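First the structure, in the form of structure tokens, and then the observations on it.
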Amino acid sequence: MKELLEVIAKALVDEPDAVSVNEKENEHSVLLELRVADGDMGKVIGKQGRIAKSIRTVMKAAANHENKKVIVEIVQ
């Protein structure tokens, strides 16, 4: 899960080295905190949050295969 989010985020941003994902997992859910450079925040969120919504949709589809719930937070 963490690796998938990193690959998606690195493809979107100008500074792929600044991308980091922190994963916190419990029995039924996974919390993924995505951090990018300040200048790349808009590229990850997109206009009206469309790219962020798309990222969350892909991650939820991947989590369904593992019978888990995933929460993606984009933090500064």
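Values for this structure:
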{"quantity": "Label-point separation, D38 to K69 (7 Å along Cα→Cβ), nm", "calculated": "3.5 nm"}
{"quantity": "Helical mean residue ellipticity (222 nm; -39500 (n - 2.57) per DSSP H run of 4+; nearest 500) of the chain", "calculated": "-12000 deg cm²/dmol"}
{"quantity": "Share, in percent, of DSSP beta bridges within the chain that are antiparallel, nearest 5", "calculated": "45 percent"}
{"quantity": "Ranked D14, D40, criterion: other C-beta atoms within 10 Å, fewest first", "calculated": "D14, D40"}
{"quantity": "Theoretical FRET efficiency, 1/(1+(r/R0)^6), r = Cβ-Cβ of K53 and K2, R0 25 Å, to 0.05", "calculated": "0.80"}
{"quantity": "In Hz, Karplus ³J(HN,Hα) per residue of the range 29-37 (6.51, -1.76, 1.60; θ = phi - 60°; x = Gly, Pro)", "calculated": "8, 10, 9, 10, 9, 9, 10, 10, 5"}
{"quantity": "Proxy reagent accessibility, fewest Cβ within 10 Å first, across M41, M59, M1", "calculated": "M41, M1, M59"}
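FYI, it's all coordinate maths here, none of it is from the lab. No experiment lies behind these values; they were computed from the predicted model shown. Neighbour counts are summed over all protein chains in view; Cβ atoms, including those assigned to glycine, are modelled from backbone coordinates with ideal geometry.
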